[in-house]
Every structure is written in structure tokens, then in C-alpha cells.
Amino acid sequence: MPAFCATIRTIMMMHRIYNTAVVLLTLFFFSPYIVAETTLRITDKESWTSFQLSAYTGQEVRLADDWYVTNNYNGYRISPRRIYSPTNQVLPASSDYYSMLSLNASGSVSLTGVSGYHRMGERLHNAVVRVQSTGSVSLVSGTWVGNSREDILQGYDQSAIDRKGKHTLLVCAANLEYYLVENLGTGYGPDSYNEHQAQRRKVSQALAKINADIYGLVEVEMGQTALQEIASDLTKATGRVFTYVDDGSSTNGSYTKSGYVYCAQTVTPYGDIRSNNAGVKNRKQMQCFEEKATGERFIFSINHFKAKSGNGYGDNADRDDGQSSYNGDRVREAQSVVNEYESFRYFVDDEDMLLMGDLNAYAKEDPIRVLTDYGMTDLHRYCHKDSSYSYTYHGEAGYLDHALANASLLPQVTGMAAYHINSDESDNFTYDKADDGTMFRYSDHDPVLVGLNLSKAGTLDEAALVSNAQILFADGYLTVDNAAGGYVRVYDMQGRSVYEAHIQSETFTLPVGEWNAGMYVIHVYHNQQVKHCKAIVR
């Protein structure tokens, strides 16, 4: 009997163990909280949308790719790609515009569980996230790489400035976001003396870090006091002697202007400043500068076109094509700059022109096309293809702050870069919210830098203004003849740039064999003239 009871007890214990094992296995396989980690690898980042996370809801996922912070306002958003403003990449109202608009709307997710501060453009590397929903993930682990404040404090990208040779002059265009010394408390710019001093500390540090030879500044108080203060601060911070171009204007409320500050040891103004008051006044200036070491000159056009905000009428109405309001005015302003240059170059006997500033239009919008169709080269794309930006709005990056060189100046450009000390920063670090003693977020726009190495190539020559450039098809080859020193740009029928190059020989062969079948528009820019043709590739 005892032996029988022992056998029964053994069977019952084994049964309990078996049942426990079944329960544990059930928990392992069916619990929503105990799951195996999944690796997510994205093959097409440009078309990825957050809806593709639906299969991973409730799971921990390892991100095989680096993900960008695309927005850091009121929390963080991340995406496997940097998200760009549609009209910075494609033509307004085109099918690609509407496609990009849709992709942008669902191209990022909110990120929770983040410690510390992170800039837009920083990347999460080897991250594990828990997918809460198609629109939200929480960070479990990962490291942050690239575009941190520590990276930016090393300075701007010197290799980008000297991409095509060592520069002898550095030119900077910067939007100072209402730099006011007087007329405080109007609702624009600083509201008090203390706020102005906080703004001044940020701006002074940033411009000294750049240490350019010439600064073209926009959103600076009317009159000379603001420019005088900036020049004085630069002199103290750099040990070089800076001064400013006096345009004769006087202080007038809180209105701003565009102006110049320059190092008197390296350059000097040649002739008088020319103010173009078509549209908004005091915001489109031209000044010729002469390099003291070489005696070479170039025209520096600094501009601040009409803003996109407000409600316009006629061709200024918002057409929902991505260009917003007052596009008509900005087009007219662009044309007025071209017209001003046509007379100014004879006045200073030099044709080289560098056009910079906040044009309040993205790269593919109508005002910029006025300038590129005239023969100017967009240096953002010339140097960085589709990756350049100087401004972010609602998490979309692009460049409103332009740098364009005409055909005669282009061979003398060594490179360009936007210095990302502002656009990737949280708005919480503006001077009126955080007097943190740093240069970061002194404005909502990044400064843009251009390196120059001036040469005799830019001296005005009437004969050189006549272009004999031709686009020819012969013996199976498409060539550009008689346009050495010029530039070629090719677009597909959706307005996307498929090829661009500096023309370095008298007979230049286009690589049509690398293009997909279809129709293309070819633009050749040479000696202030533009030649166009269409080509069909079969």
C-alpha cells in the first residue's frame, strides 16, 4: 500500500510539472510582452512610410539603418531619410510634387523615451525601439551619431569650401532674424536691452567662428548702428579689422535692411553701393569688392525677397503649388536683380557676380528659375547635389538661403557650404528663450559660405559676352561645342535634375548612354547666355 501511494504521488507530481511546462510554453509563444527581437531593414528609404510599421506593433525592433531626427519641436520625430521640402527637390505643382507631399506626411514617426537634447539631422545608430503604433515608437537602446553640437563646434566643413582649390576669400551670407540695437519692443526682434545683448552674444560668436572676409547680412536694423556694432564685435573677437558699407540710410522703426560688413585688411569696396528698391525696399543691394592682394574684383549681390506669409492677390495668391503667397512679387524681384546687374557691371567694369541671401523661395520655385535661366549656377546643387539645406520648417529641410554664381565667376568658386548652427536646433534655444551663452540658434536660418579664388578670368570683355555655344548630335554622340568655362544642366520632363557639369573643353560629350529612355531638356549656360534644346533617348 505505501508503495502504491508513492507511485500515485509521483504521477501527480509529474502531471503538475507537465502542466507548468505547458503554461510556460504558452506564455513564451503567446504573450504579447515576451517576443523575439526583429530586425527591420529598409530597402527603399525614399518611399518608406510609417504604415509599414503596422506589422510590428507591440514588438521590439532593431533598426538596421541609421534613422534621422527630422523634428525636435515638442518632442522628437525620426525617419530613415532626411525629409526635404518638396519644391526644394521638384517642380511646383508637378506630379512629383504631390507624390513627395504625400510621402512627407507619413514619412516619420514620433520617438519617446529619449534622454538629453538632440538636433535635427542627428542619427540613431544600432537602435532598438518598441513599436507602439504606426505613428509612434519608444527608444529601448541605441547610440547617437553625427551632426551633434560637438561636431558642429569643430567648425564648418573646410573641405566643402575648398572642394575645387584653396580659397583666398571667404564670403558669408547670414540672416540675423531681426538684429535690432534700437527700436526695441515693437514685436519684432528683441523686446529689451537684455534680450538684445543675448542676441548680440550669439551672433557675435557665430560670425567670429566663421571669420569670413565679407559678410552679406539680412534682417539688420535700418541705419548704421547695427552694422557698426557687428563690425566692432568681429574686430575684437578675431583680431582683424572689420568695418561696414555705409549706405546712407537712417533708423526707421523696426524695419530691416540688407547690408555689408567686411575685413578692411583683405578687401575694399570698389565704387558705391547700389540699392534696388523694386518690391520691398532696402533689401536688395549690390556692392563691388576688390581684393587687396590681387586687385581682382567681383560684384556681391545680397538680397532678402518678399516673405511667403500673408494673403496676396492675383499672381501673389497662394496657388497651392508649394510656392505660397507673393510668388509673383518674388519673381519680379529676381528679374529686377538681373536688370540691376546688367547696368551695374558696366559701372564697375567687371562681370563676375555672386548672388546670395534669403530669397524666400526653394530651389525649384519660379524666382530661382529666373536666375538659373539667366545663366547663374545654383552652388548648393553644384557642390552638394540634392542634400543641401539651410532652413527647416515643420521638419522639412531645404534652402531659402541661396548662393548663385554667374558663368564668369563660377570657375573662381572653390566651394560652398551651409553651416548648420541654426536650422537643426530647437526653437527653445533662441536668445529670448535661452540666454545659454552659445552661438546656436542665433537665427532660424543657417549662414551660407562661399570660397573664392579670384583671377583675371572675370575682367569685363565685350567680345566674351557673345556665346557661340552649340548643342550638336553627330555620329551617335550628343556634344556641347564652344562653351568651355560654361555649365550644362539636364532635366527630365518632370523637372528633376539628372545631370550637371562644368564644361571644361571646347567639345564636351554628354553621357546620354547613362540616362533612361525618355525626353530631356538640356540647358547650356555660357557667357551670360543660355542655349536650350530637347533630346529624346530611346
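The values are calculated or read from the model by the stated rules, or taken from the named source; none is laboratory data. These figures come from a predicted structure and were not determined experimentally. No Cβ is skipped: glycine too gets one built from the backbone with ideal geometry, and neighbour counts run over all protein chains shown.
Residues of region 392-409 being closer than 22 Å to ALA501 by Cβ and either surrounded by fewer than 24 Cβ atoms within 10 Å (Cβ to Cβ) or at pLDDT below 95 (or both), which ones? Residues satisfying the conditions are ALA407, SER408.
Is there a residue in region 516-523 that is surrounded by fewer than 17 Cβ atoms within 10 Å (Cβ to Cβ), outside the structural domain of PRO86 (by TED's automatic domain parsing) and not hydrophobic (A, V, I, L, M, F, W, C)? If you could, list the steps in order and put the result at the bottom.
Filtering region 516-523 for residues surrounded by fewer than 17 Cβ atoms within 10 Å (Cβ to Cβ) gives 516-519, 521.
If we keep only those that are outside the structural domain of PRO86 (by TED's automatic domain parsing) as well, we get 516-519, 521.
Subset that is not hydrophobic (A, V, I, L, M, F, W, C): 516, 518.
Scanning region 516-523 turns up at least one residue that is surrounded by fewer than 17 Cβ atoms within 10 Å (Cβ to Cβ), outside the structural domain of PRO86 (by TED's automatic domain parsing) and not hydrophobic (A, V, I, L, M, F, W, C).
Figure legend. Inter-residue proximity from region 320-337: first residues in the same structural domain as VAL90 (by TED's automatic domain parsing), second residues of a type in the set (Gly, Ala, Ser), beta-carbon distance below 9 Å, spacing 6+ or different chains. No pairs are indicated.
Only one of SER115, SER138 is over 28 Å from PRO447 (Cβ atoms), modelled with pLDDT under 95 and of a type in the set (S, T, N, Q). Can you tell me which? Give the derivation first.
Working: SER138 fails: modelled with pLDDT under 95.
Only one candidate qualifies: SER115.
Exactly one residue among VAL114, VAL145 is under 27 Å from SER390 (Cα atoms) and over 22 Å from the mean Cα position of the chain (by Cα), and that residue is VAL114. Within the option set ALA198, ALA160, ALA208, ALA174, being more than 30 Å from THR251 (Cα to Cα), among the small types (Gly, Ala, Ser) and either assigned by TED's automatic domain parsing to the domain that holds HIS445 or surrounded by 17 or more Cβ atoms within 10 Å (Cβ to Cβ) (or both) holds for one residue only, ALA160. Tallying residues that are out of contact with any Pro (no Cβ under 7 Å at 6 or more places or on another chain) and at positive phi within region 320-352 yields 4.
Could you say which residue among LEU472, LEU510 is over 29 Å from ALA93 (Cβ atoms) and either in the same structural domain as VAL90 (by TED's automatic domain parsing) or at pLDDT 80 or above (or both)?
Values: LEU510 fails: over 29 Å from ALA93 (Cβ atoms).
Unique residue meeting the criteria: LEU472.
Taken over region 251-298, the criterion of being of a type in the set (Val, Ile, Thr), under 22 Å from VAL181 (Cα atoms) and part of a loop (DSSP other than H, G, I, E, B) is satisfied by THR251, VAL280.
Condition first: touching a strand residue (DSSP E or B) at 6+ places or on another chain (Cβ under 9 Å) and assigned to a loop (DSSP other than H, G, I, E, B). Now tell me which residues in region 188-205 satisfy that. Within region 188-205, TYR188, GLY189, PRO190 qualify. Looking only at residues in region 320-359 that are touching an Asp or Glu at 6+ places or on another chain (Cβ under 7 Å) and part of a helix (DSSP H, G or I), which one is surrounded by the most Cβ atoms within 10 Å (Cβ to Cβ)? Per the criteria, the residue is ASN327.
Within region 246-296, track down each residue that is charged (D, E, K, R), more than 25 Å from ASP233 (Cα to Cα) and crowded, with 17+ Cβ neighbours inside 10 Å. Listed by number, the residues that qualify are ARG274, GLU296.
Residues in region 94-140 that are in contact (Cβ under 8 Å) with a residue 60 or more places away in the chain, buried (at least 16 other Cβ atoms within 10 Å of the Cβ), closer than 21 Å to ALA361 by Cα and not acidic (Asp, Glu): SER94, TYR97, ASN104.
Just checking, does region 312-319 include any residue being on the phi > 0 side of the Ramachandran plot, under 26 Å from the mean Cα position of the chain (by Cα) and surrounded by fewer than 23 Cβ atoms within 10 Å (Cβ to Cβ)?
no
Within region 365-388, the only residue that satisfies the criterion of being closer than 17 Å to GLY322 by Cα and either within 11 Å of the chain's Cα centre (by Cα) or not in a helix (DSSP H, G or I) (or both) is GLU365. Restricting GLY185, GLY155 to those that are out of contact with any strand residue (DSSP E or B) (no Cβ under 8 Å at 6 or more places or on another chain) and under 30 Å from ALA501 (Cβ atoms) reduces the list to GLY155.
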